[in-house]
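K.L.:
Here it is, the structure in full.
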Amino acid sequence: MKTKKRNHALKEVDPRYVPNPMQARMLLAAVDTIGKQGPPLVAFFAVMYYAGLRPEEACALKKANLSIPEMGWGDLHLGRSRPEIGEEWTDSGEASEEGPLKHRAENIERPVPCPPMLTEILHNHIARFGTAPDGRLFRGARDGGRVASTVYGRVWAAARERMFTEEVATGPLAKRPYDLRHACVSTWLTGGVEGTRVAKWAGHSLAVLLKVYAKCLDGGERTARDRAEQALRGW
């Protein structure tokens with residue numbers, strides 16, 4: 001019996017898909033205006049943009065994972081992931097059951113910094129929408145389970161249409177919610193955070209990080225040369 005080979009080749013992030021900080025903030029604001037389903041998802045998209053979470057990590061995020069003050073910098077202690085998987089493919093028979101983080105063994109956490117703007121968004125989310133009985137910040141409106149990709153995908157598409165011109169909306173910019181994670185990691189890198197630290201925050205190896213975000217790093221060539229020149233003049 002022949003089986004289809006899976007392609008595991010790494011794909012570089014295309015900068016055309018990655019929103020800049022102003023565009024990302026405007027998209028989050030647009031999400032808050034999308035009917036009943038939009039407002040509870042503002043923080044969902046925000047943790048992807050401001051902390052680089054994968055969707056499955058956001059779906060498993062609980063109040064107990066937050067170590068945040070009233071204002072200012074805090075930390076997210078990621079411990080579990082909740083990928084969208086049918087019940088027939090899980091050990092427990094429960095759809096989208098929790099499991100370990102990607103590329104990590106069971107019970108191995110990944111700490112991620114929580115910037116002040118995300119701290120504020122998370123406090124507002126909890127005050128407005130509370131949490132699920134198990135402490136999850138984000139849950140399905142009908143059964144309280146995992147937020148379905150079809151749901152947050154529709155909200156995201158509506159926010160893009162509301163914010164962008166028709167010409168921009170038909171293009172690749174911020175086409176998928178996952179592009180928010182790419183925007184976060186790209187911003188960390190172009191902002192001057194060292195690659196080893198970014199890789200740790202994002203849950204990548206350094207080699208994978210530099211391969212995936214190579215084109216985004218190319219965009220900072222001028223800044224890199226200016227920094228190199230300044231360093232050379234300092235001697």
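The values are calculated or read from the model by the stated rules, or taken from the named source; none is laboratory data. Source: prediction; values computed, not measured. Every residue, glycine as well, gets a Cβ built from its backbone with ideal geometry; the counts of neighbours run over all protein chains shown. Each accessible area value is taken on the protein alone, full model and side chains, heavy atoms only, with ligands, DNA and RNA left out. Shrake-Rupley method; radii C 1.70, N 1.55, O 1.52, S 1.80 Å.
K.L.:
For the range 196-218, which positions are open to solvent by 70 Å² or more (accessible area, probe 1.4 Å), aliphatic (A, V, I, L, M) and closer than 13 Å to Ser186 by Cβ?
P.N.:
Across the range 196-218, the qualifying residue is only Leu210.
K.L.:
Of (1) surrounded by fewer than 15 Cβ atoms within 10 Å (Cβ to Cβ); (2) assigned to a helix (DSSP H, G or I); (3) in contact with a Phe, Trp or Tyr (Cβ under 6 Å, 6 or more places away or on another chain), Pro172 satisfies all except one. Which?
P.N.:
(2)
K.L.:
Check whether at least one residue in the range 102-119 is of a type in the set (A, V, I, L, M), at pLDDT 95 or above, open to solvent by 10 Å² or more (accessible area, probe 1.4 Å) and in a helix (DSSP H, G or I), and report yes or no.
P.N.:
yes
K.L.:
Working only within the range 191-207, note down all residues that are under 17 Å from the mean Cα position of the chain (by Cα) and part of a helix (DSSP H, G or I).
P.N.:
Arg197, Val198, Ala199, Lys200, Trp201, Ala202
K.L.:
Can you name every residue in the range 144-157 that is hydrophobic (A, V, I, L, M, F, W, C) and either assigned to a loop (DSSP other than H, G, I, E, B) or open to solvent by 20 Å² or more (accessible area, probe 1.4 Å) (or both)? Don't jump to the end; show me each part of the working.
P.N.:
Applying the first criterion (hydrophobic (A, V, I, L, M, F, W, C)) to the range 144-157 yields 147-148, 151, 155-157.
Val147, Ala148, Val151, Ala157, listed by residue number.
K.L.:
A further question on this structure: Those residues that are of a type in the set (Lys, Arg) and assigned to a loop (DSSP other than H, G, I, E, B), I need them from the range 18-39; list them, please. Walk me through it before giving the result.
P.N.:
Just the residues of the range 18-39 that are of a type in the set (Lys, Arg), to begin with: 25, 36.
Within the range 18-39, Lys36 is the sole residue that qualifies.
K.L.:
Continuing with this model, one more query. Which condition number in (1) at pLDDT 95 or above; (2) within 30 Å of Arg142 (Cβ to Cβ); (3) among the aromatic types (Phe, Trp, Tyr) is the one that Trp89 fails?
P.N.:
Of (1) at pLDDT 95 or above; (2) within 30 Å of Arg142 (Cβ to Cβ); (3) among the aromatic types (Phe, Trp, Tyr), only one is false for Trp89: (1).
K.L.:
Considering each residue of the range 42-81, count those that are assigned to a helix (DSSP H, G or I) and either touching a residue at least 40 places away in the same chain (Cβ under 8 Å) or touching a Ser or Thr at 6+ places or on another chain (Cβ under 8 Å) (or both), and give that number. Give the derivation first.
P.N.:
Filtering the range 42-81 for residues assigned to a helix (DSSP H, G or I) gives 42-51, 55-60, 63-65.
With either touching a residue at least 40 places away in the same chain (Cβ under 8 Å) or touching a Ser or Thr at 6+ places or on another chain (Cβ under 8 Å) (or both) added as a condition, the list becomes 42-51, 55-60, 63-64.
Going through the range 42-81 one residue at a time, the tally reaches 18.
K.L.:
How many residues does the range 123-143 hold that are of a type outside the set (Asp, Glu) and either part of a helix (DSSP H, G or I) or open to solvent by 20 Å² or more (accessible area, probe 1.4 Å) (or both)?
P.N.:
Qualifying residue count for the region: 13.
K.L.:
Could we say that Pro19 is open to solvent by less than 50 Å² (accessible area, probe 1.4 Å), under 13 Å from the mean Cα position of the chain (by Cα), modelled with pLDDT under 95 and not hydrophobic (A, V, I, L, M, F, W, C) here?
P.N.:
Working: open to solvent by less than 50 Å² (accessible area, probe 1.4 Å): yes; under 13 Å from the mean Cα position of the chain (by Cα): yes; modelled with pLDDT under 95: yes; not hydrophobic (A, V, I, L, M, F, W, C): yes.
Yes: the conditions hold for Pro19.
K.L.:
Something else now. I'd like the full set of residues that are of a type in the set (Val, Ile, Thr) and either within 23 Å of Asn65 (Cα to Cα) or in contact (Cβ under 8 Å) with a residue 60 or more places away in the chain (or both), limited to the range 129-181.
P.N.:
Looking only at the range 129-181, we keep the residues that are of a type in the set (Val, Ile, Thr), and these are 131, 147, 150-151, 155, 165, 168, 170.
Within the range 129-181, Thr131, Val147, Val151, Val155 qualify.
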